Amino acid sequence: MKYARRLVAGTLTAGALALSLTGCGNSVDPIERLGRKAASDPGASASPSAPAPAASGPSATPAQGDQAYRKWGLTAPVQYAPKPDRKPQLPKGAPGKAAVVDRIPVAPTDKVVFLTFDDGAEKDPEFLKMAADLKLPISMFLTDNVAASDYGHFEKLRDNGSGSTVNNHTLTHPNLRTLPFAAQKKEICGQQERLEKRFGKRPPLFRPPFGNYNDDTLKAASECGISSVVLWRASMQINDFQYAEGSALKPGDIILAHFRGPSELKGKTETQMTARMLQHIQEQGYRIGLLEDYL
Ligand SMILES: [Zn+2]
């Protein structure tokens, strides 16, 4: 733990640079990787004893026979992982602190990944059609000051029957490592209250902007009713994934994408970016699960 703290402290200055980026930043930068490594628990890695999902396979998915995938530029139906019989055993947070998770410890042969979309600046009606057609389960992490102009957009996404959920990504998207405890708590609890008022529920999941957090973040999140701080192992850019390590997805990886439009995607639309992401997931033989079924 001493080592971890040194790492976090040593990256404060560089972490502050992330403030100059808009949104979540375009990449999983080395600072964020360090932050995640510092906080990750060795127990979080894939465990052979993790429960296998319910009997299933690519042949037993709801999308079978559904031709919607063609409309969205895919060459095969998206494959979905069913809800597991038992949730995998995840590392618990320290007393009074939220747990940190960046990968679900599924069995090494269980090729499932999870989709998360952040911020909420782009509100593309075509994306709503795509997500509904494909029944994409998306865990959203919304920042109030960019998403609130049309929370109704995200409500439609949540309510399209795919199991998508709304979670917390602060009020104003600060680098939390630069803020004292009270200010961090205000950012997290403030958004809990906003989301509860608008969506009728206090979310259990929180993602710190840029993936930057410290012990105060975990304590504040817990006091705001958050059970898990959710990071990621692969980040979707415009055309390709950027991996936290290696050059391929791994079972249980949490994938980060953003609600972004052509101005941030060099002219590509949100649906084009998403189609590319789904193609990469398919090419690597993965199915998509709903994060909340495992957490
Ligand atoms: Zn963000």
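Inverting the mean 1/r over all pairs of different Cα atoms, compute the Kirkwood radius of the range 98-194 and quote it in Å. Before the final figure, lay out each step's value.
On the way: mean 1/r = 0.0671 Å⁻¹.
With all distinct Cα pairs of the range 98-194 included, I get 14.9 Å.
Could you give me the ³J(HN,Hα) list for the range 209-214, computed from phi with Karplus coefficients 6.51, -1.76, 1.60 and θ = phi - 60°, whole Hz, x at Gly and Pro?
In residue order, the calculated couplings are x, 6, x, 8, 7, 9 Hz.
At 0.36 nm per residue, minus the direct Cα-Cα distance, what do ARG202 and GLN284 gain on full extension? Give it in nm, one decimal, please.
Numbers: separation 82, 0.36 × 82 = 29.52 nm, distance 3.49 nm.
Going from the current span to full extension adds 26.0 nm.
Under 5 Å between amide H atoms, partner at least 5 residues away or on a different chain: which partners does ALA248 have, H built in plane at 1.01 Å?
Sorted by chain and number, the residues that satisfy this come to none at all.
Calculate, in nm to one decimal, what LYS83 and THR172 gain on full extension: separation in residues at 0.36 nm each, minus their alpha carbon distance. It would help to have the intermediate numbers written out before the result.
On the way: separation 89, 0.36 × 89 = 32.04 nm, distance 3.34 nm.
My answer for the length gained is 28.7 nm.
Can you check what the net charge comes to around PRO125, using other residues whose Cβ is under 11 Å from the Cβ of PRO125 (Lys, Arg +1; Asp, Glu -1)?
Charge balance in the 11 Å sphere: -2.
When Lys and Arg each count +1 and Asp and Glu each count -1, what net charge do the other residues less than 9 Å away from PHE259, Cβ to Cβ, add up to? Show your work: numbers first, answer last.
On the way: positive: LYS123, ARG260; negative: ASP118, ASP119, GLU122, ASP124, GLU270.
Overall, the nearby charge balance is -3.
How far apart, in nm, are two points set 7 Å out from the Cα along the Cα-to-Cβ line at SER263 and at ALA248?
In this crude label model, SER263 to ALA248 measures out at 3.9 nm.
According to the square roots a ≥ b ≥ c of the eigenvalues of the Cα gyration tensor, what is the shape class of the range 187-295, taking rounded for a/c under 1.5, prolate for a/b larger than b/c otherwise, and oblate for the remainder? Let's see the in-between values first.
Details: a/c = 1.98, a/b = 1.61, b/c = 1.23.
Because a/c hits 1.5 or more and a/b exceeds b/c, the range 187-295 counts as prolate.
Do you know the relative contact order of the range 133-258, to the nearest whole percent, from alpha carbon pairs under 8 angstrom that are 6+ apart? Write out the running numbers ahead of the final one.
Details: 191 pairs, mean separation 25.4, N = 126.
Result for the range 133-258 is 20 percent.
For PHE114, what is the net charge nearby, where nearby means another residue's Cβ is under 11 Å from its Cβ and Lys, Arg count +1, Asp, Glu -1?
Once positives and negatives cancel, what remains is -1.
Along the range 73-81, what does the Karplus equation 6.51 cos²θ - 1.76 cosθ + 1.60 (θ = phi - 60°) give for ³J(HN,Hα), rounded to whole Hz, x for Gly and Pro?
With coefficients 6.51, -1.76 and 1.60, one gets x, 8, 9, 8, x, 5, 9, 10, 8 Hz.
Using modelled amide H (1.01 Å from N, peptide plane; none on Pro or chain starts), what sits under 5 Å from the amide H of ASN167, excluding residues fewer than 5 places away?
Counting only residues 5 or more places away or on other chains, the set is MET140, PHE141, LEU142.
Rule-based calculations on the coordinates, nothing more; no lab input. All of these numbers come straight from a predicted model, not from anything done at the bench. Counting neighbours? That spans all protein chains shown, and the Cβs are built from the backbone with ideal geometry, glycine included.
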